[in-house]
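Read-outs throughout are calculated quantities, based only on the coordinates presented, and are distinct from any laboratory measurement. Please read all numbers here as calculations on a predicted model, not as lab measurements. Using ideal geometry, Cβ is built from the backbone for each residue, glycine included, and neighbour counts are taken over all protein chains shown.
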Amino acid sequence: MATKFYRSVCSLTVIAFSLAILVLSAIPAAAGEYAALTGVKGLDSVFDFSLGSPEIAAVIFPAILDVHQNQEVRALPAAPRSVIVFHGKAVQLISTDRKEIEKNDLAAYDKVTGFIRQLKKAGIKMEVCMYAVKVFGVDPATLMPEIDRVGNGFISILGYQAQGYSVQAIP
């Protein structure tokens, strides 16, 4: 009887040890492909967006969304905080006024509008520099409602940076 018990204990020990090895060998794989995230508690990003091209914005916006929704970023102890600050020619992208837009560019502008709504829905905060709105002659009444207004986008960017946000310029 003791021998049977001893064999059962030995078998369970071998099984437990094998499972432990499997679990421990999977941990490096679970750490993911971003060595840069090692030791990072949370990813706070501000995207300094001044680019006026709707075609390029349609490429950049999904990348920003991926940063915010990326599984490895979401696995960090603190949830990501992402902000896009629009200034420069980019303020023209977030206007609903399409009178000056050529017909062949309308689809690209509509795509940008869709991405902006998707970014907002994902929890990405967006701000527009009202100084740039004035300089580039954009009617403030035509700005997308998903985007908060600030007097000077540079102050926002500097403020977020002072709070520890990483700044990514998209000129």
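Among the listed residues Asp139, Asp148, Asp97, which satisfies the condition of being exposed (fewer than 14 other Cβ atoms within 10 Å of the Cβ), closer than 25 Å to Gln69 by Cβ and charged (D, E, K, R)?
Values: Asp139 fails: closer than 25 Å to Gln69 by Cβ; Asp97 fails: closer than 25 Å to Gln69 by Cβ.
From the options Asp139, Asp148, Asp97, the qualifying one is Asp148.
Residues of segment 85-117 being aliphatic (A, V, I, L, M) and in contact with a Leu (Cβ under 7 Å, 6 or more places away or on another chain), which ones? Even if it seems obvious, please write down each step before you answer.
Applying the first criterion (aliphatic (A, V, I, L, M)) to segment 85-117 yields 85, 90-91, 93-94, 101, 106-108, 112, 116.
The answer is Ala90, Ile94, Val112.
Among residues of segment 103-162 being charged (D, E, K, R) and more than 23 Å from Ala63 (Cβ to Cβ), the one that is nearest to the chain's Cα centre (by Cα) is Arg149.
Screening segment 68-79 for residues that are touching a residue at least 12 places away in the same chain (Cβ under 8 Å) and buried (at least 16 other Cβ atoms within 10 Å of the Cβ) and picking the one that is nearest to Met126 (Cα to Cα) gives His68. Taking the listed residues Ala78, Ala90, Ala63, Ala35, the one that is out of contact with any helix residue (DSSP H, G or I) (no Cβ under 9 Å at 6 or more places or on another chain) and closer than 16 Å to Val167 by Cβ is Ala63, with no other qualifying.
Residue count for segment 49-81, restricted to those that are among the aromatic types (Phe, Trp, Tyr) and assigned to a helix (DSSP H, G or I): 1.
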